[in-house]
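Peer 1: Structure below; questions to follow.
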Amino acid sequence: PEETVTSSFASFIHAVRPEHLSKTVRHRSKRMILDSIGVGLVGSTTHVFDIALQYCQELYSSVAVSSVYGKPGVKLSPTLAAFTNGVATHSMDFDDTWHPATHPSGAVLPALLAASQMLPPSTKPNGMDFLLAFNVGLEVQGRLMHFSTEAHNIPKRFHPPSVVGTMGSAAATAKLMSLSTAQCAHALGIAASLAGAPLANAATQAKPLHIGNATRLGFEAALLAARGMEANPLILDDIPGCSGFSAFYSVYQPKPLSTPIDHHEFLLEKQDIAFKRFPAHLGMHWVVDAALSVRNLFINYAGSFSPSLIRTIVLKIPVSKYINRPFPSSEHQARHSFQFNACTALLDGEVCLSSFAESSIQRQELRELLDKVVVEHPEDNVANFDKMYGEVALLLHSGDVLTGKCDTFYGHWRKPLSKESLLKKFRSNASHVLPEEKIETIITTVDNLENLSDSSQL
């Protein structure tokens with residue numbers, strides 16, 4: 001039969017082998033896994049996570065075999081554990097971000113962790129199998145996003161991980177479960193019918209559900225395909241008059257994914273990941289670094305940070321309506337506010353977990369700074385995580401102007417976090433729910449994932 005885009009993806013999922021993972025890909029993906037676990041652990045302390053966990057515990061009863069982040073002794077059915085852990089991962093918007101824009105790890109890792117515990121002892125995947133499945137989930141997400149120029153920009157219509165993340169979860173779990181080529185294709189087709197979430201729910205408690213549903217529903221798609229459910233075998237192809245995956249993008253130009261023989265260059269080889277230093281939308285990291293830079297200039301100028309000397313704060317940011325929020329009133333709105341994050345960095349000299357507490361958001365001195373903010377959208381500042389910049393200018397009552405600018409924040413794929421910084425973030429996040437010895441065990445386990453005989457130990 002003639003090869004299609006969909007069949008080529010299915011063939012890739014089925015045929016790719018651990019030896020196709022380069023040293024660079026293994027290194028980068030293990031950093032992602034460690035960071036995502038830490039983010040999920042600290043996310044298990046949030047209110048939205050509690051809601052999701054209670055929902056799963058009270059409304060569903062099934063064989064509980066899969067663990068829940070931050071809750072020793074609590075287990076759920078595999079797909080609900082994936083859902084709950086996915087919610088935890090995105091509950092603070094602290095998870096990794098790729099380009100084109102999506103949150104790749106949170107949509108894949110919880111499903112693989114739950115599936116590893118679900119599979120019987122005779123078919124338990126080892127650590128290398130786990131690492132390969134994780135990278136299959138990343139690869140499918142990345143390839144799908146590269147099919148549309150629209151995906152390269154900050155989204156406007158739907159939250160990308162709710163779409164490509166669902167497909168990545170389906171691909172990853174299909175690989176971990178050793179589905180046939182035909183079943184892998186059906187898993188992708190089923191997942192496409194379960195995908196999608198509108199961007200209007202950004203900056204609300206519903207947004208973490210996007211990751212929870214992506215990882216859960218992709219997992220369910222693979223389980224359904226394993227049980228014989230079929231879907232359109234051309235789901236990824238561009239068929240005139242009958243939209244498949246192209247329904248999500250106005251411009252869609254799919255290309256086949258070659259079946260690896262001796263070598264396959266994963267996208268992660270060419271495109272590293274952005275890790276966040278504080279729990280907020282990725283766009284905030286540019287304005288925070290710019291604000292910290294101009295704050296240092298201000299202190300050198302005035303001897304200390306004195307808001308009374310500031311007449312106007314000018315933010316030069318790209319046009320992106322859902323993260324342009326002048327006066328956020330909740331933690332989720334604050335995580336999606338250029339203005340809040342810039343002013344918090346100016347006032348406190350940092351942005352951290354406690355910055356998004358209600359007491360911090362409602363501070364009078366912060367509100368006074370927010371009143372001084374004016375937003376500008378320079379034509380050269382495009383809404384694209386690979387091209388945008390953040391600029392913060394302080395117009396003083398004296399007439400002087402101090403300016404800070406950031407085009408690549410620390411943690412961006414062009415300026416990756418060091419090993420020390422990543423470990424510091426993980427230890428800080430995990431310490432909210434785990435003792436030190438367990439934290440160090442996780443670090444060691446992820447670092448030696450290739451040698452793990454049973455990935456469910458993770």
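The values are calculated or read from the model by the stated rules, or taken from the named source; none is laboratory data. Being a predicted model, the structure only gives us computed values, none of them experimental. So basically every Cβ, Gly included, is an ideal-geometry build from the backbone, and we count neighbours across all protein chains shown. Note: accessible area is taken over every heavy atom of the protein model, side chains too, but ligands, DNA and RNA are not part of it. Shrake-Rupley method; radii C 1.70, N 1.55, O 1.52, S 1.80 Å.
Peer 1: For segment 264-293, give me each residue that is of a type in the set (A, V, I, L, M, F, W, C), open to solvent by less than 10 Å² (accessible area, probe 1.4 Å) and within 25 Å of TYR322 (Cα to Cα).
Peer 2: Of the residues in segment 264-293, the ones of a type in the set (A, V, I, L, M, F, W, C) are 266-268, 273-275, 278, 280, 282, 284, 286-288, 290-292.
Restricting the remaining residues to those that are open to solvent by less than 10 Å² (accessible area, probe 1.4 Å) gives 266, 268, 273-275, 278, 280, 282, 284, 286-288, 290-291.
Within segment 264-293, ILE273, ALA274, PHE275, PHE278, ALA280, LEU282, MET284, TRP286, VAL287, VAL288, ALA290, ALA291 meet the criteria.
Peer 1: Out of ARG367, ARG414, I need the residue that is touching a Ser or Thr at 6+ places or on another chain (Cβ under 7 Å) and loosely packed, with under 13 Cβ neighbours inside 10 Å. Which one?
Peer 2: On the way: ARG367 fails: touching a Ser or Thr at 6+ places or on another chain (Cβ under 7 Å).
Going through ARG367, ARG414 in turn, just one is touching a Ser or Thr at 6+ places or on another chain (Cβ under 7 Å) and loosely packed, with under 13 Cβ neighbours inside 10 Å: ARG414.
Peer 1: Please go through segment 1-47 and pick out each residue that is open to solvent by 10 Å² or more (accessible area, probe 1.4 Å), in contact (Cβ under 8 Å) with a residue 24 or more places away in the chain, under 30 Å from GLU230 (Cβ atoms) and outside any helix (DSSP H, G or I).
Peer 2: Scanning segment 1-47 gives GLU3, THR4, ARG17.
Peer 1: I'd like to check something: does segment 443-457 contain any residue that is charged (D, E, K, R), over 30 Å from ASN296 (Cα atoms) and open to solvent by less than 40 Å² (accessible area, probe 1.4 Å)? Even if it seems obvious, please write down each step before you answer.
Peer 2: Restricting attention to segment 443-457, the residues satisfying the condition of being charged (D, E, K, R) are 447, 450, 454.
Filter again for over 30 Å from ASN296 (Cα atoms), leaving 447, 450, 454.
Restricting the remaining residues to those that are open to solvent by less than 40 Å² (accessible area, probe 1.4 Å) gives 454.
Yes, that holds for at least one residue.
Peer 1: Inside segment 358-458, counting only helices (runs of 4 or more DSSP H) that do not spill past its ends, which hold 3 or more residues that are among the hydrophobic types (A, V, I, L, M, F, W, C) and in the same structural domain as ALA114 (by the TED database)? Spell out how you get there, then give the answer.
Peer 2: Working: elements: 358-361, 364-370, 419-430, 436-447.
Per the criteria, 419-430, 436-447.
Peer 1: For residues in segment 153-196 being modelled with pLDDT under 95 and basic (Lys, Arg), which is most open to solvent (accessible area, probe 1.4 Å)?
Peer 2: LYS156
One line per residue, one yes/no per condition, for (1) open to solvent by less than 60 Å² (accessible area, probe 1.4 Å); (2) in contact with a Lys or Arg (Cβ under 9 Å, 6 or more places away or on another chain); (3) not hydroxyl-bearing (Ser, Thr, Tyr):
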residue: THR215; (1), (2), (3): yes, no, no
residue: GLY228; (1), (2), (3): yes, no, yes
residue: ASP237; (1), (2), (3): yes, no, yes
residue: SER243; (1), (2), (3): no, no, no
residue: GLN253; (1), (2), (3): no, no, yes
residue: ASP262; (1), (2), (3): no, no, yes
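Peer 1: Would you mind telling me which numbered condition in (1) under 30 Å from VAL446 (Cβ atoms); (2) in contact (Cβ under 8 Å) with a residue 40 or more places away in the chain GLU391 fails?
Peer 2: (1)
Peer 1: Also, I was wondering about something else. Mind listing just one residue for me: the one in segment 389-411 that is of a type in the set (Ser, Thr, Tyr) and open to solvent by 60 Å² or more (accessible area, probe 1.4 Å) and, of those, nearest to the chain's Cα centre (by Cα)?
Peer 2: Within segment 389-411, the match that is nearest to the chain's Cα centre (by Cα) is TYR410.
One line per residue, one yes/no per condition, for (1) within 21 Å of the chain's Cα centre (by Cα); (2) buried (at least 23 other Cβ atoms within 10 Å of the Cβ); (3) modelled with pLDDT of 95 or more:
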{"position": "LEU353", "(1), (2), (3)": "yes, no, yes"}
{"position": "PHE356", "(1), (2), (3)": "yes, yes, yes"}
{"position": "ILE361", "(1), (2), (3)": "no, no, yes"}
{"position": "LYS372", "(1), (2), (3)": "no, no, yes"}
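Peer 1: Also, quick follow-up: Would you call ILE239 modelled with pLDDT of 95 or more, assigned to a loop (DSSP other than H, G, I, E, B) and either more than 21 Å from the chain's Cα centre (by Cα) or not assigned by the TED database to the domain that holds GLY137 (or both)?
Peer 2: Numbers: modelled with pLDDT of 95 or more: no; assigned to a loop (DSSP other than H, G, I, E, B): yes; either more than 21 Å from the chain's Cα centre (by Cα) or not assigned by the TED database to the domain that holds GLY137 (or both): yes.
No; evaluated as a whole, the condition is false for this residue.
Peer 1: What number of residues within segment 258-276 are in a loop (DSSP other than H, G, I, E, B), hydrophobic (A, V, I, L, M, F, W, C) and at pLDDT 95 or above?
Peer 2: Filtering segment 258-276 down to residues in a loop (DSSP other than H, G, I, E, B) leaves 258-266, 271-273, 275-276.
This time we only want the ones that are hydrophobic (A, V, I, L, M, F, W, C), so: 261, 266, 273, 275.
Remaining after also requiring at pLDDT 95 or above: 266, 273, 275.
Residues flagged as in a loop (DSSP other than H, G, I, E, B), hydrophobic (A, V, I, L, M, F, W, C) and at pLDDT 95 or above within segment 258-276 amount to 3.
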